[in-house]
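Remarks on the structure that follows.
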Amino acid sequence: MASPDAEQETFRQATAEDVAAVIAITNEAYARYVPIIGRKPQPMETDYLPMIEAGEVWLIDVDGQLAGLIVLTDEADRLLIYSVAVRPTFQKRGLGRRLLDWAETRAAVYGYELVRLYTNALMVENIALYQRVGYTETGRETYKGGIIVYMEKRLEG
């Protein structure tokens, strides 16, 4: 039985009415990287409405507050995690890890054995988290004056 102080978390797909919240969560989560990489990270430049309409954006609600999101895109043979974003006031609570777990759950529902993601090489904390939960680096590529790190995780079936 959960303690009375346990936070209540729920996942749900974003709707068109959530587009402003999706943008706000993304901007809050990624803002700290602007001075590190010298520009806005790609998720801060994205038009999320088409992704929301395609059913690709999932929100995590904590005790009635939108705390974070994950954007999942179906690829031909795998699930791509386009973005993971947790509001700063909700960081350091394991929500990023739970969002990654949600991606793996969705990948299994879709019948995929592989989850892929990419991140900026200067987002070292993110890379470390991905490695801790089983992602391996598969390559690097120059992009907009920086380096993209590609990672993937094979799911156990």
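The values are calculated or read from the model by the stated rules, or taken from the named source; none is laboratory data. Nothing here was measured: the structure is a model prediction, and the numbers come from that model. Reconstructed Cβ throughout: ideal geometry from the backbone, glycine too, with neighbour counts over all protein chains shown. Accessible surface areas use protein heavy atoms only, side chains included; no ligands, DNA or RNA. Shrake-Rupley method; radii C 1.70, N 1.55, O 1.52, S 1.80 Å.
Assorted remarks:
- For the criterion of being open to solvent by 20 Å² or more (accessible area, probe 1.4 Å), among the aliphatic types (A, V, I, L, M) and either at pLDDT 95 or above or under 22 Å from T26 (Cβ atoms) (or both), V124 passes.
- Count - residues of the range 14-59 that are touching a Pro at 6+ places or on another chain (Cβ under 9 Å) and not in a helix (DSSP H, G or I): 1
- Every residue from the range 29-56 that is farther than 20 Å from V149 by Cβ, crowded, with 17+ Cβ neighbours inside 10 Å and not aromatic (F, W, Y): M51, I52, E56
- Residues in the range 103-119 that are modelled with pLDDT under 95 and open to solvent by 50 Å² or more (accessible area, probe 1.4 Å): T105, A108, V109, Y110, G111, E113.
- Selected residue (criterion: surrounded by the most Cβ atoms within 10 Å (Cβ to Cβ)) from residues of the range 57-79 that are more than 10 Å from the chain's Cα centre (by Cα) and under 21 Å from Y135 (Cα atoms): L79
- Index of the failed condition, D47 passing every other in (1) touching a residue at least 12 places away in the same chain (Cβ under 8 Å); (2) under 17 Å from the mean Cα position of the chain (by Cα): (1)
- Scanning the range 87-102 finds no residues that are of a type outside the set (K, R), part of a strand (DSSP E or B) and open to solvent by less than 40 Å² (accessible area, probe 1.4 Å).
- Every residue from the range 103-155 that is outside any loop (DSSP other than H, G, I, E, B) and among the basic types (K, R): R106, R116, R132, R140, K153, R154
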